[in-house]
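The values are calculated or read from the model by the stated rules, or taken from the named source; none is laboratory data. Everything quoted here is computed from the prediction, not taken from an experiment. When we count neighbours, we look across all protein chains shown, and the Cβ atoms used for this are built from the backbone with ideal geometry, even at glycine.
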Amino acid sequence: MTTHRPNDTRYSLVALAVGLIGGAGVAGGLFLAGVAPPLVGLAGVGVLVLLAASIKYTDQWEKAVLLRLGRYRGLRGPGYFAIVPILDRVAYIIDQRIRTAEFGAESCLTRDTVPVNVDAIAFWVVRDAERAALEVQDYDEAVTLSAQTALRDAIGKHDLAELIQQRGELGQVLKAALEQKMTAWGIHVQSVEIRDVIIPAALEDAMSRQAQAERERQSRIILGTAETEIAHKFVEAASAYRDQPGAMNLRAMNMLYESIAKRGSLMVVPSGLADALNAPAMMGLMGATGLVPKDGAAEAPAPASSEAARPVRETGPGTTGGASHGG
């Protein structure tokens, strides 16, 4: 524990040196005065012990609580200080650095009756060493027990989702509750952090399945929305192609070219489709609809016969015919 009772055991080299020098001086004086050697030795040892016990010290971050005949006389330190042996006593040495207290709540029910195990940690510091020494017997244990009680109370007021998603807010609630109780003890709570929230394995599996089902539902909704948008776009495209036959033919030519160019395969098309894809006829149709400028800036292609322009080879009378195009 950081709050401890030294019981006059923290002797330093300085205190021992002062005791030795004082004891030797007293013993030497008595010896020169003709006192019997046994008495000289006892007197020297007594002075050594008293001087060594009268010098105490504390480290930079510590405060010593001094009692005289059981009454509080004040705080001493840091550094060296003197006391009156036998009458004075250093009751406690209080560490004033920032310290941590780990605490938790096991099998505690949330507001939605879910058993959870919660681990937390509190950062606190002793601001008033006098109050910490006089108002509470063991403030280390008091901080831990108070934090556990506040944590259980906070868990019962929150749902499981809030415990998992709002750890920072829960830490602030615990900090406020601990501050309200520990201010009278001279203790300041700097922060409280929730480290882990553990739920039963069966509930964890059920929550995982629920999350998976929710994601599956969202993916199906997104897919259905995309299909609806695609259907609307197809309807708009069909309306555009219906009013512009030339655009439909150009689209068909482009699809045929992409299929051959990308795959590098052989494609057989009906002769009727080949007639529909006749380039001169397409250009004439587009010129008639006003898609090709008539100012002579672009020369019209030379006329070609239907047989020369047709990209198919008739296989014989009465057949549908076919055309092969290499990629």
From ARG209, ARG215, ARG167, ARG195, residue being of a type in the set (D, E, K, R), closer than 24 Å to ARG99 by Cβ and free of Cβ contacts under 8 Å to residues at least 40 places away in the same chain
ARG167
Can you tell me how many residues within the stretch 166-180 are surrounded by 19 or more Cβ atoms within 10 Å (Cβ to Cβ) and of a type in the set (D, E, K, R)?
1
From the residues in the stretch 84-112 that are hydroxyl-bearing (Ser, Thr, Tyr) and under 26 Å from the mean Cα position of the chain (by Cα), which one is surrounded by the fewest Cβ atoms within 10 Å (Cβ to Cβ)?
SER107
Between residues in the stretch 18-46 that are free of Cβ contacts under 8 Å to residues at least 24 places away in the same chain and residues that are among the β-branched types (Val, Ile, Thr) and surrounded by 13 or more Cβ atoms within 10 Å (Cβ to Cβ), which pairs lie under 6 Å by C-beta distance while being six or more apart or on different chains?
VAL26/VAL47; ALA27/VAL40; LEU30/VAL40; PHE31/VAL40; ALA43/VAL26; GLY44/VAL26
Give the number of residues within the stretch 116-128 that are under 23 Å from the mean Cα position of the chain (by Cα), surrounded by fewer than 17 Cβ atoms within 10 Å (Cβ to Cβ) and not charged (D, E, K, R).
3
Report yes if some residue within the stretch 222-238 is in contact with a helix residue (DSSP H, G or I) (Cβ under 8 Å, 6 or more places away or on another chain) and surrounded by 12 or more Cβ atoms within 10 Å (Cβ to Cβ); otherwise report no.
no
Hey, can you tell me all the residues within the stretch 239-250 that are part of a helix (DSSP H, G or I), surrounded by 10 or more Cβ atoms within 10 Å (Cβ to Cβ) and either free of Cβ contacts under 8 Å to residues at least 40 places away in the same chain or of a type in the set (S, T, N, Q) (or both)?
SER239, ALA240, TYR241, ARG242, ALA247, MET248, ASN249, LEU250
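Let's see how each residue does on (1) at pLDDT below 80; (2) within 30 Å of VAL125 (Cα to Cα); (3) not assigned by TED's automatic domain parsing to the domain that holds ASP159:
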{"residue": "ILE194", "(1), (2), (3)": "no, yes, no"}
{"residue": "ILE222", "(1), (2), (3)": "no, no, yes"}
{"residue": "GLU229", "(1), (2), (3)": "no, no, yes"}
{"residue": "ALA237", "(1), (2), (3)": "no, no, yes"}
{"residue": "LEU256", "(1), (2), (3)": "yes, no, yes"}
{"residue": "SER265", "(1), (2), (3)": "yes, no, yes"}
Looking at (1) over 30 Å from LEU109 (Cα atoms); (2) in contact (Cβ under 8 Å) with a residue 40 or more places away in the chain; (3) not β-branched (Val, Ile, Thr), which is the only condition ASP159 fails?
(1)
LYS233 vs (1) of a type outside the set (A, V, I, L, M); (2) more than 29 Å from LEU109 (Cβ to Cβ); (3) in contact with a Phe, Trp or Tyr (Cβ under 6 Å, 6 or more places away or on another chain): all pass except (3)
Taking VAL118, is it in a strand (DSSP E or B), in contact with a Cys (Cβ under 8 Å, 6 or more places away or on another chain), of a type outside the set (Gly, Ala, Ser) and touching a residue at least 24 places away in the same chain (Cβ under 8 Å)?
yes
Meets criteria (at pLDDT 85 or above, basic (Lys, Arg) and surrounded by fewer than 12 Cβ atoms within 10 Å (Cβ to Cβ)) for ARG217:
yes
Name the one entry in GLY29, GLY46, GLY25, GLY74 that is modelled with pLDDT of 85 or more, assigned to a strand (DSSP E or B) and surrounded by fewer than 15 Cβ atoms within 10 Å (Cβ to Cβ).
GLY74
Would the stretch 38-60 turn up any residue that is out of contact with any Cys (no Cβ under 6 Å at 6 or more places or on another chain), within 30 Å of ARG195 (Cα to Cα) and of a type in the set (D, E, K, R)?
no
